[in-house]
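Taking it in order: structure first as structure tokens, then the write-up.
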Amino acid sequence: MSVTSKFLKNIQKHRENKKEVKFKGCLEDYLKLVEQTPAITCLAHKRLYNQIMSYGLTTLDETDARCNKLFDGEIVKIYNYFSDQFFGMERPLEKVMRFLRSAAMKGEESRQVLLLLGPVGAGKSALVEHIKGALEASPAAYVLDGCPIREEPLHLIPRSLRGKFEEHYNIKIEGDLCPVCRHRLLNEFEGDFTQFPITQSSFSIRGRKGVGVVPPMDPNTQDTSLLIGSEDISKLDLYPEDDPRVLSLNGAFNVGNRGIVEFVEVFKNEIEFLHTMITATQEKNVPSPGKQAMIYFDGVILAHCNEAEWNKFKSEHTNEAILDRIVRVNIPYCLEYKQEVKIYEKLIGRSDFNYHIAPHTLEVAAMFAVLSRLKASNKVDHLTKMKIYNGEEIVEKGSVKKVDIRDLREEADEEGMTGISTRFVMKAIDAALSDSTKNMITPISIKDALIKQVKEQIVNPEAKKVCLEFLRKTLHEEYLSILEKEITKAFVTAYEEQAESLFNNYLDHAEAYVNNTQVKDRVTKEDMEPDERFLQSIEEQIGIKGSAKNNFRADISSYMFAKLRRGEVIDWRSYGPLREAIESKLVASVKDISRIITKSKSRDVKQQKKFNSMAQTLIEDYGYNEDSAEEVIKFAANNLWRDS
Ligand SMILES: Nc1ncnc2c1ncn2[C@@H]1O[C@H](COP(=O)(O)OP(=O)(O)OP(=O)(O)O)[C@@H](O)[C@H]1O
Ligand SMILES: [Mg+2]
């Protein structure tokens, strides 16, 4: 099938779907539906909450490593609707959902504004867009046909009948007819509310149906008509001044009725302008243009802004009334670099991406971003903190360093509200790419691009200095150690097997040493004394000397034994310190050859063969291409193995 005929099929399908008959009826028909499915009358917060929940909820529990290490074993809720697009944002999303849930149950939150507060590029706008998208996907709402604010049909039921209605249906009706519908009811249907036509209407961001957006406005041109609509001057000649037919109810609160009203950079607006927002939340009414009565409003009010605006706003005590009606949720930057990498991957995936990204490139960029966002700790250095926040084990002097992530978090209140933004990194990625003659980016080129950008764009001299230090020193060294391991792995044929065999040997000998027994050789089956030299050759890799070895060996034996007894599988990665020692032993074992072969310009035939096979492994097994492999090998040759 050609592309066009395929697409024509899509068009056909689209049409058929459109044909799905919308409900058309009067109050009696609607009441029957309500009896069947009372949920169709739910208010805006509940509609939104139910829609997001309909995608499902998963939890991270104790069985998940990320949960244990980062959330201290507390159960974390993952809302499926967000989970494939927002990363490292679990906690803020839980707060947003908690707000919606309480509001859906008509708690105080249903009369509050939800304010997302965070630094530039932390994903506030993207989050609001995504939430609005949920409404678009939700089932169409039942509305009064022709109503400019798409109001709930139950508003037709007069106050005097509402008590009875509530008794029968157990549903409370909120709100009254808007002036336009009231006028029509009296004039077109002679007050017979059972005749008023009812239909369905879906939500649309672009169509301004159920979604109203208020952009920040210049104080001079600020005009409340943007919020509540206006009187149509051309109609003022046709109708008397107080006739609702002159109204154009097309303000954000009108179109956002039953759905969402979004305030972009909310505190850039003048305070007078925000009063409508307050009335809308607190009284669930907005003024109507002209001389009409207030108009009932049912919607979720979402606002966002950055911290500078917020602090300025907060400091003025005249704003207290508004502050009291705001539920603030901080949207900090991501502080887990593995999750930050996923953000870049998402953004890169959106562009016409056809370049090569060498291994560890995005990781290095993400590490830089996270380092810049962390607050200094008294307990650990910056890089260590970054790793702990990423759920990594920190090995120090032969044991896993016990740092409680909770302590680090407590020490640093409101962390992640400053630092390098996602956009800054994305720009550096673009710059590195356009500087590349080989259509690729590597950890080395991204680092250079970041350095250049920091120099050009960061104004604060102190911040600039710190960022440059991260790039030139902290990350330079960190990347070299990553690269050294990678090249070693590529040099050592069957790295995994070698590591595994070192591990098994070490365990055998350490255990025999601890228990004062002999070791049975795995091949010859002969009994022999534990090999002290071998044991020490591993231990010295992580600085274990003298009597410290006794504890280390005893610790490992009991650790592994306990694991085996629980039926868990053990391998060379099971115990952090030993893993590090084994890796470092393997690195050392090929250090000389790595140095000679990567450095030397004139390799002999044997060396050339070894070099080629190493480069090939980098390409085939580790995701490099020829150019990037060449670049990192050159970099390693110039920067690693210097003094040895
Ligand atoms: N934690 C995250 N997960 C997924 N994507 C993210 C995350 N943080 C930022 N992004 C992405 O980064 C980009 C920039 O975010 P966005 O424009 O939403 O930021 P913002 O908070 O509105 O910033 P500003 O204050 O400058 O308006 C978006 O494409 C967004 O998808
Ligand atoms: Mg934004």
Item to check | Failed condition for E345, given (1) surrounded by fewer than 21 Cβ atoms within 10 Å (Cβ to Cβ); (2) within 12 Å of ligand 1 (Cβ to nearest atom); (3) over 15 Å from the mean Cα position of the chain (by Cα); (4) not small (G, A, S) | outcome: (3)
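Among E631, E580, which is over 29 Å from F534 (Cα atoms) and among the acidic types (D, E)?
From the options E631, E580, the qualifying one is E631.
Just wondering, is there one or more residues in region 199-215 that are of a type in the set (D, E, K, R) and touching a residue at least 24 places away in the same chain (Cβ under 8 Å)?
Yes: region 199-215 contains one or more residues that are of a type in the set (D, E, K, R) and touching a residue at least 24 places away in the same chain (Cβ under 8 Å).
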Next on the checklist: Give me the residue from region 290-312 that is out of contact with any helix residue (DSSP H, G or I) (no Cβ under 9 Å at 6 or more places or on another chain) and touching a residue at least 40 places away in the same chain (Cβ under 8 Å) and, out of that set, nearest to ligand 2 (Cβ to nearest atom).
Outcome noted: E307
Item to check | Condition check for S445: part of a helix (DSSP H, G or I), surrounded by 20 or more Cβ atoms within 10 Å (Cβ to Cβ) and of a type outside the set (A, V, I, L, M, F, W, C) | outcome: yes
Checklist outcome for this item: Wholly inside region 72-148, strands (runs of 3 or more DSSP E) that include 3 or more residues that are away from ligand 1 (no atom under 16 Å from the Cβ) and touching a strand residue (DSSP E or B) at 6+ places or on another chain (Cβ under 9 Å) are 141-144
Checklist entry - Which of (1) assigned to a helix (DSSP H, G or I); (2) crowded, with 21+ Cβ neighbours inside 10 Å; (3) of a type in the set (A, V, I, L, M, F, W, C) is the odd one out, the single condition L186 does not satisfy? => result (2)
Next on the checklist: So in region 333-342, with the set limited to residues that are of a type outside the set (V, I, T) and assigned to a helix (DSSP H, G or I), which one is surrounded by the most Cβ atoms within 10 Å (Cβ to Cβ)?
Outcome noted: E340
Checklist outcome for this item: Of the residues in region 294-310, those that are among the aliphatic types (A, V, I, L, M) and open to solvent by less than 70 Å² (accessible area, probe 1.4 Å) come to I295, V300, I301, L302, A303
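Per-residue answers, yes or no, for (1) within 20 Å of the chain's Cα centre (by Cα); (2) surrounded by 13 or more Cβ atoms within 10 Å (Cβ to Cβ); (3) modelled with pLDDT of 95 or more:
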position	(1), (2), (3)
K9	no, no, no
E28	no, no, yes
A65	yes, no, no
F86	yes, yes, yes
Checklist outcome for this item: The lone condition V214 fails out of (1) under 28 Å from R184 (Cα atoms); (2) at pLDDT 90 or above is (1)
Checklist entry - When region 270-301 is examined, which residues are found to be among the β-branched types (V, I, T) and out of contact with any Phe, Trp or Tyr (no Cβ under 6 Å at 6 or more places or on another chain)? => result I271, T276, I278, T279, T281, I295, V300, I301
Next on the checklist: I'd like the full set of residues that are of a type outside the set (A, V, I, L, M), in contact with a strand residue (DSSP E or B) (Cβ under 9 Å, 6 or more places away or on another chain) and either within 16 Å of ligand 2 (Cβ to nearest atom) or part of a helix (DSSP H, G or I) (or both), limited to region 268-289.
Outcome noted: K268, N269, F273, T276, T279, T281
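Check N354, N330 and return the single one that is within 16 Å of ligand 2 (Cβ to nearest atom), of a type outside the set (D, E, K, R) and open to solvent by 10 Å² or more (accessible area, probe 1.4 Å).
Sole residue among the options that is within 16 Å of ligand 2 (Cβ to nearest atom), of a type outside the set (D, E, K, R) and open to solvent by 10 Å² or more (accessible area, probe 1.4 Å): N330.
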Checklist outcome for this item: If we keep only residues of region 362-372 that are open to solvent by less than 20 Å² (accessible area, probe 1.4 Å) and out of contact with any Lys or Arg (no Cβ under 7 Å at 6 or more places or on another chain), then the residue farthest from K473 (Cα to Cα) is L362
Checklist entry - Has region 602-619 got at least one residue that is in contact with a Phe, Trp or Tyr (Cβ under 9 Å, 6 or more places away or on another chain), of a type outside the set (F, W, Y) and not in a helix (DSSP H, G or I)? => result yes
Next on the checklist: Restricting to region 15-26, name every residue that is surrounded by 10 or more Cβ atoms within 10 Å (Cβ to Cβ) and either at pLDDT below 85 or not in a loop (DSSP other than H, G, I, E, B) (or both).
Outcome noted: K22, K24, G25
Item to check | Residue among V255, V213 that alone is within 16 Å of ligand 1 (Cβ to nearest atom), open to solvent by less than 70 Å² (accessible area, probe 1.4 Å) and in contact with a Gly (Cβ under 9 Å, 6 or more places away or on another chain) | outcome: V213
Checklist outcome for this item: The lone condition L100 fails out of (1) within 16 Å of ligand 2 (Cβ to nearest atom); (2) crowded, with 20+ Cβ neighbours inside 10 Å is (1)
Item to check | Evaluation of S557 against (1) over 39 Å from the mean Cα position of the chain (by Cα); (2) within 16 Å of S481 (Cα to Cα); (3) among the hydroxyl-bearing types (S, T, Y) (one fails), failing number | outcome: (2)
Checklist entry - Can you name every residue in region 270-289 that is polar (S, T, N, Q), in contact (Cβ under 8 Å) with a residue 24 or more places away in the chain and under 19 Å from V327 (Cβ atoms)? => result T276, T281, Q282
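Filter region 149-165 down to residues that are assigned to a loop (DSSP other than H, G, I, E, B) and buried (at least 21 other Cβ atoms within 10 Å of the Cβ), then give me how many there are. Before you say what the answer is, go through the steps one by one.
Initial filter on region 149-165 (assigned to a loop (DSSP other than H, G, I, E, B)): 149-152, 157-158.
Then drop every residue that is not buried (at least 21 other Cβ atoms within 10 Å of the Cβ), which leaves 149-152.
Adding up the residues that qualify gives 4.
Can you tell me which residue is nearest to R66 (Cα to Cα) among those in region 373-399 that are of a type in the set (A, V, I, L, M, F, W, C) and open to solvent by less than 40 Å² (accessible area, probe 1.4 Å)?
Residues of region 373-399 that are of a type in the set (A, V, I, L, M, F, W, C), as a first pass: 374, 376, 380, 383, 386, 388, 394-395.
Next, only the ones that are open to solvent by less than 40 Å² (accessible area, probe 1.4 Å) stay: 374, 380, 383, 386, 388, 394-395.
Values: L374: 19, V380: 20, L383: 19, M386: 14, I388: 11, I394: 15, V395: 18 Å.
Restricting to residues being of a type in the set (A, V, I, L, M, F, W, C) and open to solvent by less than 40 Å² (accessible area, probe 1.4 Å), the top hit is I388.
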Checklist outcome for this item: Checked region 542-586 for anything charged (D, E, K, R), buried (at least 19 other Cβ atoms within 10 Å of the Cβ) and farther than 20 Å from A512 by Cβ; matches are E583
Checklist entry - Which residues, taken from region 448-503, are open to solvent by less than 10 Å² (accessible area, probe 1.4 Å), at pLDDT 90 or above and β-branched (V, I, T)? => result V454
Item to check | Leading residue by the ranking (nearest to ligand 2 (Cβ to nearest atom)) among those in region 113-132 that are within 13 Å of I260 (Cα to Cα) and open to solvent by 20 Å² or more (accessible area, probe 1.4 Å) | outcome: E129
Next on the checklist: Given the options E231, E270, E283, name the one that is open to solvent by 20 Å² or more (accessible area, probe 1.4 Å), charged (D, E, K, R) and touching an Asp or Glu at 6+ places or on another chain (Cβ under 9 Å).
Outcome noted: E231
Checklist outcome for this item: When F313 is run through (1) buried (at least 16 other Cβ atoms within 10 Å of the Cβ); (2) more than 16 Å from ligand 1 (Cβ to nearest atom); (3) at pLDDT below 95, the failure sits at (2)
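The values are calculated or read from the model by the stated rules, or taken from the named source; none is laboratory data. If you're wondering where the values come from, they're calculated on a predicted model, not measured in any experiment. Cβ sites come from the backbone with ideal geometry, for glycine too, and all protein chains shown count toward neighbours. These area figures cover heavy atoms from the full protein model, side chains too; ligands, DNA and RNA do not enter into them. Shrake-Rupley method; radii C 1.70, N 1.55, O 1.52, S 1.80 Å.
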